[in-house]
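Read through the structure below, which is laid out as structure tokens, and then see the notes.
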Amino acid sequence: MKKYILIVSTLMIGLFRMAGQVDASFSNVPVVNGKVVFEQFILIDQDLSAPQKYAVLQKWVKEKYSGSPLVSGIRFDDKNYSVTVSAKNELSGMQDKTIMNYRFDLSVANAGCVLVVRDITYQSASKQGASSFPKVITAEQTITDSAVNVQGEEGEIRSSTKKATLAFVNNLYKEVSGLF
């Protein structure tokens, strides 16, 4: 009897952990080899083949990003069932107008889809009398735990930027998760 209770308990714990993984989102800023990289595997319904999943992904990317002035590039890799998008987004909830430049990759396999958001940089609106060239700051300098732990106004700006970035990346994750 104890064996059955142990087995059932183990299965229940495993199911709860799997459910948590399916609904996972980004709550911190991961740093991989010194770079900020958001990466998440998304489980997909197994009724579709990899080419069918890739077709859904292609359609979504074309509808959402084609023709947008904020997109600098879209690359489809039909052989590897992957898409790379380079774009910009104005972060919401910021005091000053802050533009986030980013690149994301989506790769489809039989089991699911991998979302990778990388190469994140920020540009603030140029102020009167300042250089006409915008100042570009990397995510590593801005939203990592060590960068946010700065005192004063600079720390508050970085914290706001981190929150806005996490909200954006989580929204992208939810959109991709909802495709399948």
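Would you check which residues across segment 55-74 are part of a helix (DSSP H, G or I) and not acidic (Asp, Glu) and list them? Passing the criteria: ALA55, VAL56, LEU57, GLN58, LYS59, TRP60, VAL61, LYS62, LYS64, TYR65. When the residues of segment 35-61 are filtered to those that are free of Cβ contacts under 8 Å to residues at least 12 places away in the same chain and loosely packed, with under 14 Cβ neighbours inside 10 Å, the one that is farthest from MET100 (Cα to Cα) is ASP47. Among the residues of segment 75-99 satisfying the criterion of being part of a loop (DSSP other than H, G, I, E, B) and of a type in the set (Asp, Glu), which is nearest to LYS163 (Cα to Cα)? Filtering segment 75-99 for residues that are part of a loop (DSSP other than H, G, I, E, B) and of a type in the set (Asp, Glu), the one nearest to LYS163 (Cα to Cα) comes out as ASP96.
When the criteria are applied in full, PHE104 meets the requirement of being aromatic (Phe, Trp, Tyr) and in a strand (DSSP E or B). For SER72, the requirement of being surrounded by 12 or more Cβ atoms within 10 Å (Cβ to Cβ), closer than 29 Å to ALA164 by Cβ and within 16 Å of the chain's Cα centre (by Cα) is not met.
Listed here are the residues, each with its yes/no results for (1) surrounded by 12 or more Cβ atoms within 10 Å (Cβ to Cβ); (2) aliphatic (A, V, I, L, M); (3) in contact with a strand residue (DSSP E or B) (Cβ under 8 Å, 6 or more places away or on another chain).
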| site | (1), (2), (3) |
| --- | --- |
| ASP78 | no, no, no |
| THR84 | yes, no, yes |
| TYR102 | yes, no, yes |
| GLU140 | yes, no, yes |
| GLU156 | yes, no, no |
| VAL169 | yes, yes, yes |
| LEU172 | yes, yes, yes |
| PHE180 | yes, no, yes |
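Readers should treat all values here as calculations from the given coordinates under stated rules, not as data from a laboratory. This is a predicted model, so every value here is computed, not measured. Every residue, glycine as well, gets a Cβ built from its backbone with ideal geometry; the counts of neighbours run over all protein chains shown.
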